[in-house]
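To start, the structure itself, in structure tokens.
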Amino acid sequence: MLPMDSDNTLKTPILVLGATSLIGGHLMARLAQEGFDPVALSRRPPAGDACWVDGDLTDPDIGQHLPPAATVFALSPIWLLPAVLPGLKARGMVRLIAFSSTSRFTKVSSPEGGERAVAQALIDAERAVETWCAENGVAWTILRPTLIYDEGRDGNISRIARLVTRFHVMPLSGRGEGLRQPVHAADLAVGALAAAKAPAARDQAYNLVGGETLSYRVMVDRVFEGLGKTPRSLPMPPWLFALLMRLAKPFYPGATAAMGARMGQDLTFDSSAAARDFGWTPRAFHPRF
Ligand SMILES: NC(=O)c1ccc[n+]([C@@H]2O[C@H](COP(=O)([O-])OP(=O)(O)OC[C@H]3O[C@@H](n4cnc5c(N)ncnc54)[C@H](OP(=O)(O)O)[C@@H]3O)[C@@H](O)[C@H]2O)c1
């Protein structure tokens, strides 16, 4: 394990909450590459031979199971974090890097009540984390990715890839002109590590977007290309797409009419503050399956 450190490296020991997440595997691997010896906490064991604490963040007694931790990466849902902050502080936490989501902005006025509730939970949790850390002397950084992908593992881009593989065509609501900035989970791991080391990133929140801004339709085209297929998307009137989603719901529980409405909306953010403060340089969107 590396010793305690100067300002631009990490204080150890390091704890990763949600190491089994899309970002978690990449982060654990990077930390190990850099000579750290992180401890993972989740309900399922992470990949590889990392030191793992079998813990549920909703367990009222979780504080008793937390390992010592100076730097904490929280990749678990941020609304689970406020309740465990006192326990983490008691185990030595001085630096926290927590993931939230740009959904706090994009879903706040969704027609779906469940999506609005998620946005509100993100907003409330971010505020609780910031306030608690400021009052308790813990340097915090909140990272808000846009749509995360990791070929074959995520529920966004990989879900499109599965639909394309099965049906050879991808239906679009309207012309799919809403802009997207998909961001790779591996880039987010690099970004989280860079933010943790950067003094300028203390007590800040950042929106983290992918290296390219492209329309939903072009994003779908790139998925076809990543599968070695010729792009074949099928634009349809929004009412017909909404009907299709209703029919598909028993087979694809995540299918909602709100998904169609969003295909025409720009969901774009600016990451220039992250580029300035910790060198955020994500890849362009060319998934390979
Ligand atoms: N996916 C996206 O497109 C997206 C977009 C923007 C932001 N985000 C945010 O980015 C972060 C990572 O997202 P992701 O999609 O990679 O996450 P994910 O795959 O859903 O994983 C969530 C992680 O949290 C852990 N977790 C959940 N409930 C837990 C509990 N009660 N106790 C302990 N651990 C628990 C899970 O571990 P176990 O299940 O093994 O316990 C898992 O490692 C999250 O904060 C998410 O909100 C995601």
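Answer yes or no as to whether Ala134 is buried (at least 19 other Cβ atoms within 10 Å of the Cβ), away from the ligand (no atom under 16 Å from the Cβ) and at pLDDT 95 or above. First the steps, then the outcome.
On the way: buried (at least 19 other Cβ atoms within 10 Å of the Cβ): no; away from the ligand (no atom under 16 Å from the Cβ): yes; at pLDDT 95 or above: yes.
Judged against the criteria, Ala134 is not a match.
I'm told Trp140 meets every condition in (1) at pLDDT 95 or above; (2) in a helix (DSSP H, G or I) except one. Can you identify the failing condition by its number?
It is condition (2) that Trp140 fails.
Which numbered condition trips up Pro250, out of (1) surrounded by fewer than 18 Cβ atoms within 10 Å (Cβ to Cβ); (2) over 22 Å from Gly174 (Cα atoms); (3) at pLDDT 90 or above?
Single failed check for Pro250: (3).
Need the failing condition index for Arg159 against (1) touching a residue at least 12 places away in the same chain (Cβ under 8 Å); (2) in contact with a strand residue (DSSP E or B) (Cβ under 9 Å, 6 or more places away or on another chain), just the number.
If we test Arg159 against (1) touching a residue at least 12 places away in the same chain (Cβ under 8 Å); (2) in contact with a strand residue (DSSP E or B) (Cβ under 9 Å, 6 or more places away or on another chain), just (2) comes out false.
Considering each residue of segment 170-212, count those that are charged (D, E, K, R) and over 24 Å from Arg153 (Cβ atoms), and give that number.
Step one: list which residues in segment 170-212 are charged (D, E, K, R), which gives 175, 177, 180, 187, 197, 202-203, 212.
Filter once more, so that each one left must be over 24 Å from Arg153 (Cβ atoms): 175, 177, 197, 202-203.
Looking only at that region, the number is 5.
Looking for whichever is within 9 Å of the ligand (Cβ to nearest atom), under 19 Å from Thr141 (Cα atoms), of a type in the set (A, V, I, L, M) and surrounded by 13 or more Cβ atoms within 10 Å (Cβ to Cβ) here; the options are Ala69, Ala74. Which one fits?
Residue meeting the stated conditions: Ala74.
Exactly one condition in (1) closer than 18 Å to Ile23 by Cβ; (2) within 16 Å of the ligand (Cβ to nearest atom) is not met by Arg95; state its number.
Tallying (1) closer than 18 Å to Ile23 by Cβ; (2) within 16 Å of the ligand (Cβ to nearest atom), Arg95 fails exactly one: (2).
Does segment 3-16 contain at least one residue that is free of Cβ contacts under 8 Å to residues at least 60 places away in the same chain, surrounded by 15 or more Cβ atoms within 10 Å (Cβ to Cβ) and either in a helix (DSSP H, G or I) or at positive phi (or both)?
No - not one qualifying residue is present in segment 3-16.
Are there any pairs with C-beta distances below 6 angstrom linking a residue in segment 219-234 that is in contact (Cβ under 8 Å) with a residue 40 or more places away in the chain to a residue that is aromatic (Phe, Trp, Tyr) and surrounded by fewer than 19 Cβ atoms within 10 Å (Cβ to Cβ), with the two at least 6 apart or on different chains, and if so which?
Here the result reads Gly226/Phe289; Leu227/Phe289, each pair linking segment 219-234 to a residue that is aromatic (Phe, Trp, Tyr) and surrounded by fewer than 19 Cβ atoms within 10 Å (Cβ to Cβ).
Any idea which of Arg30, Arg44 is in a loop (DSSP other than H, G, I, E, B) and farther than 21 Å from Asp124 by Cβ?
Values: Arg30 fails: in a loop (DSSP other than H, G, I, E, B).
Within the list Arg30, Arg44, the selection yields Arg44.
The values are calculated or read from the model by the stated rules, or taken from the named source; none is laboratory data. Bear in mind the structure is a predicted one, so any value in this text is a computation, not a measurement. With ideal geometry, Cβ positions are generated from the backbone for all residues, glycine too; neighbour counts draw on all protein chains shown.
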